[in-house]
Amino acid sequence: VHRLIAPRDQKHQSNFVEFRNMSKIVYRRYAGLFFCACVDTNDNELAYLEAIHFFVEVLDAFFGNVCELDLVFNFYKVYAILDEVFLAGEIEETSKQVVLTRLAHLDKLE
């Protein structure tokens with residue numbers, strides 16, 4: 001996957017790459033980080049591109065200017081955020097405030 005998306009020109013190529021037989025990779029780059037989702041060819045790529053952006057916005061709000069180290073050392077929190085936003089590959093929650101409230105409740109349990 002990295003070999004497919006890393007060399008692509010962000011200004012002249014789209015954020016969608018055909019992958020294997022029946023799927024596409026939708027990705028978005030934020031500084032040096034790539035966020036990728038493998039989606040069915042029939043799914044709406046733009047919806048998943050926005051979902052990736054929403055996920056990064058939630059990460060940024062939760063960690064306060066998220067960086068790679070936050071993702072590496074708090075991977076369990078990243079998975080919790082991922083579980084709050086997506087369910088079985090579909091977008092579960094679209095309200096950033098609702099997700100952040102649920103995450104605050106989870107933090108209180110620790």
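The values are calculated or read from the model by the stated rules, or taken from the named source; none is laboratory data. Keep in mind that what you see is a predicted model, and the values were worked out from it rather than measured. Ideal geometry is used to build each Cβ from the backbone, glycine not excepted, and the neighbour counts take in all protein chains shown.
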Query raised in the report: farther than 22 Å from Leu103 by Cα, hydrophobic (A, V, I, L, M, F, W, C) and in contact (Cβ under 8 Å) with a residue 40 or more places away in the chain - does that describe any residue in the stretch 40-47?
Result: yes
Query raised in the report: Checking Phe35 against (1) of a type outside the set (D, E, K, R); (2) part of a helix (DSSP H, G or I); (3) crowded, with 16+ Cβ neighbours inside 10 Å, which single condition isn't satisfied?
Result: (2)
Query raised in the report: Are any of the residues in the stretch 40-63 assigned to a strand (DSSP E or B) and at pLDDT below 90?
Result: yes
Query raised in the report: Which condition does Arg29 not pass, out of (1) surrounded by 17 or more Cβ atoms within 10 Å (Cβ to Cβ); (2) not in a helix (DSSP H, G or I), if it passes all the others?
Result: (1)
Query raised in the report: How many of the residues making up the stretch 72-91 are closer than 26 Å to Ser23 by Cα, surrounded by 12 or more Cβ atoms within 10 Å (Cβ to Cβ) and at pLDDT 90 or above?
Result: 8
Query raised in the report: Is there any pair with a first residue in the stretch 49-77 that is closer than 22 Å to Ser95 by Cα and without any contact (Cβ under 8 Å) to a residue 12 or more places away in the chain and a second that is of a type in the set (Val, Ile, Thr) and crowded, with 17+ Cβ neighbours inside 10 Å whose Cβ atoms are under 7 Å apart and which are 6 or more apart or on different chains, and what are they?
Result: Asp60/Val66
Query - the stretch 85-110, residues that are without any contact (Cβ under 8 Å) to a residue 24 or more places away in the chain, charged (D, E, K, R) and within 17 Å of His53 (Cβ to Cβ) - result: Glu90, Glu92, Glu93
Requested in this report: Identify the residue in the stretch 64-105 that is aromatic (Phe, Trp, Tyr) and farther than 23 Å from Val26 by Cβ and, among all such residues, is nearest to the chain's Cα centre (by Cα).
Outcome: Tyr76
